[in-house]
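Asks: Please see the structure below; I have some questions.
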Amino acid sequence: MNSAVFPNSSSQDQSIRHDWTRQEVEALFALPFNDLLFRAATVHRQHFDPNAVQVSTLLSIKTGACPEDCKYCPQSNRYDTGLEPEKLMEVQKVIEEAKAAKAQGSTRFCMGAAWRSPKKKDMPYVTAMVRGVKELGLETCMTLGMLTQDQANELAEAGLDYYNHNLDTSPEFYGEIITTRTYGDRLETLDHVRGAGIKVCSGGIVGMGESVGDRAGLLQQLANLPEHPDSVPINMLVKVEGTPLAQQDNLDSFDFIRTIAVARILMPKSHVRLSAGRESMNEEMHALVYFAGANSIFYGEKLLTTPNPEANKDMQLFARLGIKPEQRSVEHCEDDVEEQLHQRIEQSQNDRFFYDATRA
Ligand code: SF4
């Protein structure tokens, strides 16, 4: 074993570090693929059931017309992507969507608004959404842009479990992607979220033209936060026509898998989440990414239309790989979401044995 790369592997607790150097992280990225995956899978098994994956649903509660200039994002009002902006969704509508997500098996409901930051007048609505979704027995997560300490406290008071605010990329590459808010602004919001006692969800996007060093820089920043984020979403750039990154070259699939594996090694107890860009990944890649330590997925909004082929595809793959949805951590709920998910898995398994005449 190379102790320079993996110095504290002998002790589970000592493996939680906040002092990773760029050199160490780059050395992990440079390992032979099989060595890296073996190490990541070993760390994964020390801290999680390797055959359990958490399932979350994401709902856009306010779409488009965002004043920020994130070059990858179709919701920025600076790019013509044909996206129809929508106002903040009504509280009742959000709760109905959360009920539908729960019925489909999600245990966490994430609500996202395309804002620079929430305004004072928005806060009563978003806190009502948190309360309503929580009453359903779902874990709640929001992403609303930058937060002041007071806003973070207000959301905590309403019962918000998680707040998502991504660092996106390395500090060095960041200016190539966003100019309307600084890296420091992002770190400050994460401070406010942590200060309010809300769990942090923070990750980034790969495939934006960054170097391996930038991917190492992103993960180093996340791992060296005062506490590792509870969830670390690793997104693959989705190239949207009209955004400045629409013509970006594809990222090598193995580089994506390496990023997941290094995230797992650096943040052993965090949920590493496969988020945007999943649609372009085939089943074999999903399987490798789960092996490398990813243990959370977003269903996305497509979940909310029935029937949902994307959700079915995930359930079928879970069944083929022997993966089960992770048990929910909300203790006061007595509903049957897990049961529903297991039923769906069984149904998916059964479906594979029936001949589908419509496809003949
Ligand atoms: S702040 Fe969020 S919604 Fe706004 S442009 Fe950036 S990524 Fe898109």
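The values are calculated or read from the model by the stated rules, or taken from the named source; none is laboratory data. Keep in mind that this is a model prediction, so the values were computed, not measured. For neighbour counting, all protein chains shown are included, and Cβ atoms are generated from backbone atoms with ideal geometry for every residue, glycine included. Heavy atoms of the whole protein, side chains included, go into the accessibility calculation; ligands, DNA and RNA do not. Shrake-Rupley method; radii C 1.70, N 1.55, O 1.52, S 1.80 Å.
Asks: Report relative contact order for region 47-109 in percent, whole number only (criteria: Cα-Cα under 8 Å, sequence separation at least 6).
Replies: 39
Asks: Between THR143 and residues 5 or more places away or on another chain, which pairs have amide H atoms under 5 Å apart, with H built 1.01 Å from N, and which residues are they?
Replies: MET111, GLY112, ALA113, ASN164
Asks: With a ≥ b ≥ c the root eigenvalues of the C-alpha gyration tensor of region 18-67, is it rounded (a/c under 1.5), prolate (a/b larger than b/c) or oblate?
Replies: Judged from the Cα gyration tensor, region 18-67 comes out oblate (a/c at least 1.5, b/c at or above a/b).
Asks: Using 0.36 nm per residue, how much length does the chain from LYS121 to SER211 gain when fully extended, once their Cα-Cα distance is taken away?
Replies: 28.3 nm
Asks: Hey, what do the phi angles of region 226-232 turn into as Karplus ³J(HN,Hα) couplings, whole Hz, using 6.51/-1.76/1.60 and θ = phi - 60°, x for Gly and Pro?
Replies: After applying 6.51 cos²θ - 1.76 cosθ + 1.60, I find x, 10, 5, x, 5, 10, 10 Hz.
Asks: Next up: May I ask you to evaluate 6.51 cos²θ - 1.76 cosθ + 1.60, the Karplus curve with θ = phi - 60°, for each residue of region 42-48 and list the ³J(HN,Hα) values in order in whole Hz, giving x for glycine and proline?
Replies: Here the 3J(HN,Hα) series is 5, 4, 4, 5, 6, 10, 9 Hz.
Asks: How much accessible area does GLU86 have with a 1.4 Å probe, in Å² rounded to the nearest 10?
Replies: Approximately 100 Å² of GLU86 is accessible to the 1.4 Å probe.
Asks: Give, as a single signed number, the net charge of other residues whose beta carbon lies under 12 Å from the beta carbon of HIS44, with Lys and Arg counted +1 and Asp and Glu -1.
Replies: Its environment carries a net charge of +3.
Asks: Go ahead and run the numbers for FRET between ASN153 and ASN77, Cβ-Cβ distance against an R0 of 30 Å, rounding to 0.05.
Replies: 0.55
Asks: Sticking with this one: For ARG181, which sequence-distant residues (separation of 5 or more, or a different chain) have an amide H within less than 5 Å of its own amide H, given hydrogens modelled in the peptide plane?
Replies: Answer set, sorted by chain and number: none.
Asks: I'd like to compare 142-148, 48-54: which one has the highest average count of other Cβ atoms within 10 Å, and what's the full order after that?
Replies: Highest-to-lowest ranking by the protection proxy: 142-148, 48-54.
Asks: Less than 17 Å apart at the alpha-carbon level, and either on another chain or at least 8 residues along: which lysines does that give for LYS93?
Replies: Once the sequence-local lysines are set aside, what remains near LYS93 is LYS62, LYS102, LYS134, LYS302.
Asks: Turning to a different aspect of this structure: In what order, largest first, do ARG45, ARG215, ARG131 sit by accessible area if the probe radius is 1.4 Å?
Replies: Per-residue accessible area, sorted high to low, gives ARG45, ARG131, ARG215.
Asks: Using only the heavy atoms of the protein chains and a 1.4 Å probe, how would LYS239, LYS269 rank by accessible area, largest first?
Replies: Highest to lowest solvent-accessible surface, that is LYS269, LYS239.
Asks: In whole Hz and in residue order, list the ³J(HN,Hα) couplings for region 151-156 that follow from phi through the Karplus curve 6.51 cos²θ - 1.76 cosθ + 1.60, θ = phi - 60°; x for Gly and Pro.
Replies: 5, 4, 5, 4, 5, 5
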